[in-house]
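The values are calculated or read from the model by the stated rules, or taken from the named source; none is laboratory data. Bear in mind that the values here come from a model prediction, so they are computed numbers and not experimental data. Virtual Cβ from ideal backbone geometry, glycine too; neighbours counted across all protein chains shown.
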Amino acid sequence: MSAPRDGRWRVVAALAVAGALVVAAGSIVVGAAVEVWRGGTLVVSVHEAGPDGARIAVALPGALASVAALAVPAVLPEEAAAQIRPHAPLLRRLATALGELPDATLVAVDGADERVRVMTRAGMLLVEVDDGADQVRIRLPLRAARLALLAVARTAERRG
């Protein structure tokens, strides 16, 4: 069978190529959206007491925290790398353990005027600090925390 001579095959071929490009672009967008969703949300909230106390809340996609881990080699000072280097194996074990932890309270400190909690819940590392007046809340995806620990350990070892 030969192609029609009137050019219709070119239109069909162009539509097929355009369709394939749309499907490929859609796959990339969906893949990026799934990765952002899987990364969770990094939230830092600070509330200072008093009439002039600041209220700050920042929420970022957890995927950005994961990408930030890639910058560790560029921003980790040599002196810090030297101090971290002997502890790199511990950081690697901690990163592994974070991935295996069930929901749990890791640290609980209750003082007369302060309360500190470090917990894991639903794939997040939660830090809560209350000193009776000021409050700090941090919610970090465990995946991002693990990647950051591994990046620090790897950078410290490579500079050794």
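A few comments on the model shown:
- Residue count, the range 78-111 (criterion: hydroxyl-bearing (Ser, Thr, Tyr) and either in a helix (DSSP H, G or I) or closer than 16 Å to Leu147 by Cα (or both)): 1
- For the range 88-143, a residue qualifies if it is surrounded by fewer than 12 Cβ atoms within 10 Å (Cβ to Cβ), of a type in the set (Asp, Glu) and out of contact with any strand residue (DSSP E or B) (no Cβ under 6 Å at 6 or more places or on another chain), and the qualifying residues are Glu100, Asp110, Asp113.
- Selection count where residues are in contact with a Pro (Cβ under 7 Å, 6 or more places away or on another chain) and of a type in the set (S, T, N, Q), scope the range 106-136: 0
- Each residue in the range 123-160 was checked for being under 24 Å from Ala57 (Cβ atoms) and assigned to a helix (DSSP H, G or I), and 6 pass.
- For the criterion of being small (Gly, Ala, Ser) and touching a residue at least 60 places away in the same chain (Cβ under 8 Å), Ala82 passes.
- Tabulated pairs, the range 127-156, first under 30 Å from Ala112 (Cβ atoms), second among the polar types (S, T, N, Q), C-beta under 9 angstrom, 6+ apart or interchain: Glu128/Gln135; Val129/Gln135; Gln135/Ser45; Val136/Ser45; Arg137/Ser45; Ile138/Ser45; Arg139/Thr41; Arg139/Ser45
- All conditions but one from (1) farther than 18 Å from Gly62 by Cα; (2) without any contact (Cβ under 8 Å) to a residue 40 or more places away in the chain; (3) touching an Asp or Glu at 6+ places or on another chain (Cβ under 9 Å) apply to Val107; the one that does not is (3).
- Of all residues in the range 52-77, those satisfying the criterion of being in a helix (DSSP H, G or I) and aliphatic (A, V, I, L, M) are Ala63, Leu64, Ala65, Val67, Ala68, Ala69, Leu70, Ala71, Val72, Ala74, Val75.
- Any hit, the range 47-62, residues being at pLDDT below 80, in the same structural domain as Asp131 (by TED's automatic domain parsing) and either under 17 Å from Ala144 (Cβ atoms) or touching a Cys at 6+ places or on another chain (Cβ under 8 Å) (or both): yes
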